[in-house]
Structure formats: structure tokens, C-alpha cells
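Each remark here refers to the structure printed beneath this line.
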Amino acid sequence: MTTIDAELRGRAEAVIPGGMYGHMDVRAFGDAHPQFMAGGDGCRITDVDGRTFLDFMCGWGPIVLGHRHPRVQEAVAAQQALGDCLNGGSPPMVELAELLVGTVAHADWAMLAKNGTDATTTCVTIARAATGRRRVLTARGAYHGAAPWCTPRDAGVLPEDRAHLRHFEYNDLDSLRAAVADAGDDLAAVVVCPFRHDLRRDQEPPDPAFAKGVRELCDATGAALVLDDVRAGFRLDLAGSWEPLGIRPDLSAWSKAIANGHALAAVTGSDRFRAGAERIYTTGSFWYSAAAMAAAIATITELRDTDALARIERAGTRLRAGLDAQARAHGFEVVQTGPVQMPVLRFAGDEDFALTRAWTDEAARRGVYLHPWHNWFMSAAHGDADIDDALERTDDAFAALARR
């Protein structure tokens, strides 16, 4: 490990529990990945030791246009010159809510927060307030945030925190029907991701029949269909990630790409759940900060008015094809799943991900930042030349692995 990064890790151990925590602790997935970053520009990041990487995690999702995108940076600077955390909302709050209502297909209203857990938890709270019911259904293995009601860890969580949470299998309509029947008249919400993006498994697109069935079951029972679009939102379809399926949720949770790296989240909902949203109490000291809202306006407008989404899809398609060809050329079989905008690669038969991790470490040593079992993220800053540059390096990573 290089000097400055190693020094920071040592200092962090003394003052931060575990030195690092949560999903960005690189010890969990890579021996060659730096822990501490110094900056980013476009589709590249630079660590504290001055090494530059082609970035295919994009801040784990928030960077959709590219690091330090000029239009976003200008909007943030202009708002910060006026003020950020003031004694109430600023004009960007209303402007952003209007933009969300005009962009998201199902949205009649919008509320703003700071991160994805805020958004998913607020959706669940609104559903319970609107229906007067308690039971919430989620797909087994799905991630919906770091709050006690849904965190994947048990430490510090009481059974009571999850007393009304039940599970079904993603894309298994019979499993969902059984869970709905078990909930009976106490079903408040079904929370579902746009596609199955659990860790350490192949990603799974939604079966249109399953999505339609979720909608029909929620309509029949009066429960809220909550689409957790935190990870995929504003990268696949601006109107909502299930809009291509013709399925509109009652409530949606958004964060990550909404403001190109600035801390923001949103909940959008239909008029049926407006009264529930008005009755709950949810807030935060920084929830009304205007600079991130200005960033979101600039981000969504750029995505809407340019070919950014098409460029993201093009980059992902080019990367996937190149990696497939390289793996075959070096005698490996790889499995690539998920939308090309949010891809996952694993080596066939690599059940413990040891080989996949070895390859991503080799890629990191060559300046390509990838993850062995979490989906990657493409941005509009990934041009053809950048993908080709990355592929030259990943080809060498495959060759290094083959030499082992």
C-alpha cells in the first residue's frame, strides 16, 4: 500500500470505529484499491498518492454526468454565493419539485431529503400513514438502506424494528401472492427495486408479468407500490425505471444520480398518497440546503436536454462487448448481467468471487477501478476513447490472471 493512503488508514484506525465503515471500506473487496481519494474529473479519479483511475463506480452511483461537471458546478457555485443552509426553503426547492413532477411519470408531488435511506424510509412511513396499516413486503436479499427496518446487519437492531417486515422472492409472483395473503388487511406497502441488484449474484431484469402482478396486487389490496429507484433512477429512464414496462408506482425513492454527487434524495408520489405525506413528520437539519437542489436542477436538465443517457448506454455496451471478447481470448468464461448502464461481471463458476476479485485487483493495479461483486456505474463522461483506454488495461489484467 502506498505511503499517504497507508498513513491515512493508520490514523483513521485511531479515531474512526474500524478505520472505515459501510460500503466504501475497500478492505471488503480489494487489495489493490486505494481507500482515500484526492479528486475526480470526468470519468477519472485520483487517489491521495497521485494515481489516476478510470472510474467505473462513479462514487458508487451518484456521478452520472462525470466528476465536476461544469454545468452542475456553476449552478452550485451560484447558489452558494447567495446562501445554502438558510432559515427556510429557497427558490430551488420549489423549482426542483416542479421539475421532478414534470419529469417523473407518476409524480403529482415531491419531497426532498439527503440520502437514499431517508427516501425509502419516508416512502414506508407515508404508506403506513395513508393506509393505516403496518405490514411492509420487500424482496429477499434486496437492499433498501441502512435504517433498522431494513438494514442487512443485525447488530443493534431489535426484533421489534422488523416486526412488520416480510419477504418474497424477486420475479416470483406466487411468492409475492403468498406474502400478500399472509399480510391480509394489514398490508401497507410492497417495496421493490427496478431490477434485482443484490450483492454477490447475477443481476436480474424484472419480468414484465411480475411487475404487472405487483401493480395488480397493490391495486387489489389498497397497498402502496413503492419503487426503490435510489440506485437506478436517472440512469436508466428519467420518467422512472419501470416506465418502459408501463408500470407506474404510487411512491418512488430517489437519490444517488439525482444531483451528480451532491447530497440529495427525493420522494415522489401520486395524489392518492399526498394526504399521508402531509401527515407524517420527517425532516433534517440540512434537508433544505439549496446548493444540492441547484445541482439537481442542473443535473436533471442536462440529462433531459442532451444525449447523456444515450452516451451512458453506448459506453456500457462498448465496455461489455470488449470485456466479453477479452475474456474469451484469454481462455476465461465470464458472465455479465444487469443493464449495461449498471453492469456486473463475474467469472463463471467463481462461487466465492476469488477469481473475480483477483481480476479486479489486477485492473486496479493498471488504473481501472472496478468492483468484484457490486454492480458498476457508467456515466455520460465515459467516451469511446475512455472505454478503449480502459479495455487496453483490462486486457492486460486478463493476461496477468492467465499467467497465474
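Just the residues that are at negative phi and either free of Cβ contacts under 8 Å to residues at least 40 places away in the same chain or surrounded by fewer than 18 Cβ atoms within 10 Å (Cβ to Cβ) (or both), please, taken from region 71-87. Selection gives 71, 73, 74, 77, 78, 80, 81, 82, 84, 85, 86, 87. When only residues in region 285-344 that are among the acidic types (Asp, Glu) and part of a helix (DSSP H, G or I) count, which is nearest to residue 372 (Cα to Cα)? Filtering first and then ranking leaves 324. Of the listed requirements (1) farther than 24 Å from residue 342 by Cα; (2) touching an Asp or Glu at 6+ places or on another chain (Cβ under 9 Å); (3) charged (D, E, K, R), residue 219 misses just one: (2). Condition first: within 26 Å of residue 201 (Cβ to Cβ), in contact with a Lys or Arg (Cβ under 6 Å, 6 or more places away or on another chain) and of a type outside the set (Asp, Glu). Can you find one or more residues in region 352-363 that meet it? Yes: one or more hits. Please specify each residue of region 106-135 satisfying the condition of being in contact with a His (Cβ under 7 Å, 6 or more places away or on another chain) and more than 25 Å from residue 95 (Cα to Cα). 134, 135 - these are the residues of region 106-135 that are in contact with a His (Cβ under 7 Å, 6 or more places away or on another chain) and more than 25 Å from residue 95 (Cα to Cα). Condition test on residue 188, is it without any contact (Cβ under 8 Å) to a residue 24 or more places away in the chain and over 23 Å from the mean Cα position of the chain (by Cα)? The answer is no for residue 188.
Is it the case that residue 22 is closer than 30 Å to residue 312 by Cβ and modelled with pLDDT of 95 or more?
no
Which of the residues that make up region 264-283 are surrounded by 18 or more Cβ atoms within 10 Å (Cβ to Cβ) and outside any strand (DSSP E or B)? Residues satisfying the conditions are 264, 273, 276, 277.
In the set (1) in a helix (DSSP H, G or I); (2) assigned by TED's automatic domain parsing to the domain that holds residue 394; (3) in contact with a strand residue (DSSP E or B) (Cβ under 9 Å, 6 or more places away or on another chain), residue 45 fails one condition alone, (1). Taking region 297-347 as the range and being among the small types (Gly, Ala, Ser), over 17 Å from residue 202 (Cα atoms) and buried (at least 19 other Cβ atoms within 10 Å of the Cβ) as the test, the residues that pass are 298, 308, 315, 327.
Is it the case, given these coordinates, that residue 112 is in a strand (DSSP E or B) and either more than 24 Å from residue 252 (Cβ to Cβ) or not charged (D, E, K, R) (or both)? Considered against the rule, which asks whether it is in a strand (DSSP E or B) and either more than 24 Å from residue 252 (Cβ to Cβ) or not charged (D, E, K, R) (or both), residue 112 comes out as yes.
Of the listed requirements (1) surrounded by 18 or more Cβ atoms within 10 Å (Cβ to Cβ); (2) closer than 18 Å to residue 104 by Cα; (3) in contact with a Ser or Thr (Cβ under 8 Å, 6 or more places away or on another chain), residue 223 misses just one: (2).
Of all the listed residues (234, 210, 195), the sole one being buried (at least 24 other Cβ atoms within 10 Å of the Cβ), within 24 Å of the chain's Cα centre (by Cα) and not basic (Lys, Arg) is 234.
The values are calculated or read from the model by the stated rules, or taken from the named source; none is laboratory data. This one's a predicted model, so the numbers in the text were calculated from it and none came from an experiment. Ideal geometry is used to build each Cβ from the backbone, glycine not excepted, and the neighbour counts take in all protein chains shown.
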